[in-house]
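Each remark here refers to the structure printed beneath this line.
The values are calculated or read from the model by the stated rules, or taken from the named source; none is laboratory data. What you are looking at is a predicted structure, and each value in this text was computed from that prediction instead of being measured. Here Cβ is always computed from backbone atoms with ideal geometry, including for glycine, and neighbour counts include all displayed protein chains. Side chains are part of the model used for accessible areas, which takes the heavy atoms of the whole protein and leaves out ligands, DNA and RNA. Shrake-Rupley method; radii C 1.70, N 1.55, O 1.52, S 1.80 Å.
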Amino acid sequence: MLTIRATRVGGASTLSQIVQSVEVALSTKAPVESVADRVSRWFVPAVIVVSAVAFGGGIWFGLHPGASLMRAIAVLVIACPCALGIATPLAITAAVGAASTRGILVSNARVFEQFRKVDLVVLDKTGTLTEGNFQLLATSVDTALPLVAALERCSGHPIARTIVRHVEELGLPIPEAHDVVVHPGQGIEGVVEGGRVVVGNRTLVPPGSTIEGAFHTTTVVYAAVDGVFRGWIALGDRIRPDAAGLVSMLRAGGIETLVVSGDSRENTASVARDVGATAFFAEVLPAGKAEIIREHQKAGKVVAMIGDGVNDVPALAAADIGIALGHGTDLTIQAAPVVLMAPRLAGVLEIFTLSRRTLQVVRQNLFWAFFYNCAGMTLAITGLLNPILAAGAMVLSSLSVIGNSLRLYENRRVQS
Ligand code: ADP
Ligand code: MG
């Protein structure tokens, strides 16, 4: 257990980190944006040439120099690529804003383009597909229970909270623990009342009588003191009501789903089956989750990872798109370009849909901006558009791009 002194506040807080990461998102360039930049670089000299040609051509065809100059100016005015310049950043900004109104923080504009390419979604089990709200169902640990609670008091895992609450409710005094080491994805160990206590899954605790297969969708943790097996604790968790819906919607979109968990094979298999996932990996450590993702990336797949805990951070960072769920700890916020502030799995589908619509809007914006410029220039060269009207048309083209981008805020519901 830690006694904490705050040495940095304000600017270093989680909230301001979130604000910062959103600011970074707005300033990062999406690849589409660089396309627009390249086109603009070519566009401006071309317009100057066209304007010069309009002036020269006017004189050539015997027009008054003043009238020719008006045409040249009208070309310059109408061709001003404002709409072109704002077409992409505006759509991206609107998309980041629209996402945030749904409790989804996007800290990298690139994700809007990457979602379209995702082939595989990797899902963490505990706390992501399940609620991570454990109920203690049964236990065979007797006199060692306070020792177990002493260790679990030092852990932030949802399993730990449930065990501590249970022991407190029994009215048993909980001793102090020392030299505590947390093994993410496995369990926890330390010294309590002079004994070396270990609590966790099969990979951590020496073998003893197990109850594998007895409970389904139940997590079982084991306890040992000084290398001697002392019993099991069975904990029930619930699958999130929207988990199966998410998996089936992803499948309908041709996206595979893979469940990864540090929990037992039996339990992971049963959750994977219940939500309808394509495959699963059980008893994987945090680094293992990242490794599985890299393997799939090597096979040419674009992978999104959805996870909730510190044990998912390496995987969130390894994935092409990391989506962190809920709690929003500093680490997960930094590792994942997408954060769902509320643990709402439907948010994943919403951000998929929003990304698709954002790319659509970007393409429409670019098309209309080009269209306005080209049509306007033709009119200007032929003298049908004077500079004043050209200025008006310019504003209209920018307004149309703004209006189109703001459509991303529409509260369109995702069908489930
Ligand atoms: P997931 O990968 O499904 O999110 P975790 O990586 O959080 O699951 O945990 C994997 C397994 O490690 C748990 O099912 C449990 O058996 C064990 N474990 C992790 N933390 C603890 C803890 N504090 N106490 C006991 N067991 C733990
Ligand atoms: Mg988890």
inquiry  = Against the definition (closer than 30 Å to ALA390 by Cβ, of a type in the set (A, V, I, L, M, F, W, C) and touching a Gly at 6+ places or on another chain (Cβ under 6 Å)), how does ILE78 come out, yes or no?
reply    = yes
The residue that is farthest from VAL167 (Cα to Cα), considering only those in segment 220-258 that are open to solvent by 30 Å² or more (accessible area, probe 1.4 Å) and within 16 Å of ligand 2 (Cβ to nearest atom), is ILE239
For LEU349, the lone unmet condition from (1) at pLDDT 85 or above; (2) crowded, with 22+ Cβ neighbours inside 10 Å; (3) under 12 Å from the mean Cα position of the chain (by Cα) is (2)
Checked segment 186-206 for anything surrounded by fewer than 17 Cβ atoms within 10 Å (Cβ to Cβ) and either within 8 Å of ligand 1 (Cβ to nearest atom) or outside any strand (DSSP E or B) (or both); matches are GLU193, GLY194, THR203, PRO206
A careful count of residues in segment 296-317 that are open to solvent by 10 Å² or more (accessible area, probe 1.4 Å), within 12 Å of ligand 1 (Cβ to nearest atom) and hydrophobic (A, V, I, L, M, F, W, C) gives 2
query: If we scan segment 328-343, do we find a residue that is closer than 26 Å to LEU408 by Cβ, within 16 Å of ligand 2 (Cβ to nearest atom) and open to solvent by 60 Å² or more (accessible area, probe 1.4 Å)?
result: yes
Counted residues in segment 259-271 being away from ligand 2 (no atom under 14 Å from the Cβ) and either buried (at least 21 other Cβ atoms within 10 Å of the Cβ) or more than 16 Å from THR126 (Cα to Cα) (or both) come to 1
Filtering segment 120-144 down to residues that are surrounded by fewer than 24 Cβ atoms within 10 Å (Cβ to Cβ), among the aliphatic types (A, V, I, L, M) and under 22 Å from the mean Cα position of the chain (by Cα) yields LEU120
Of the residues in segment 261-278 that are closer than 22 Å to GLY187 by Cα and among the charged types (D, E, K, R), the one that is nearest to ligand 1 (Cβ to nearest atom) is ASP263
Reported set for segment 77-91 where residues are in a helix (DSSP H, G or I) and either modelled with pLDDT of 80 or more or surrounded by 19 or more Cβ atoms within 10 Å (Cβ to Cβ) (or both) is VAL77, ILE78, ALA79, ALA83, LEU84, GLY85, ILE86, ALA87, THR88, PRO89, LEU90, ALA91
Here the residues within segment 162-185 that are within 19 Å of PRO286 (Cα to Cα) and buried (at least 21 other Cβ atoms within 10 Å of the Cβ) are GLY185
Exercise. Take LEU379 and decide whether it is more than 25 Å from THR93 (Cβ to Cβ) and surrounded by fewer than 20 Cβ atoms within 10 Å (Cβ to Cβ).
Key: yes
Residue hits (segment 145-161; surrounded by 19 or more Cβ atoms within 10 Å (Cβ to Cβ) and either over 19 Å from GLY195 (Cα atoms) or among the hydrophobic types (A, V, I, L, M, F, W, C) (or both)) are LEU145, LEU147, VAL148, ALA149, ALA150, LEU151, HIS157, PRO158, ILE159, ALA160
Those residues of segment 266-317 which are acidic (Asp, Glu) and assigned to a helix (DSSP H, G or I) amount to GLU266, ASP274, GLU291, GLU295, ASP312
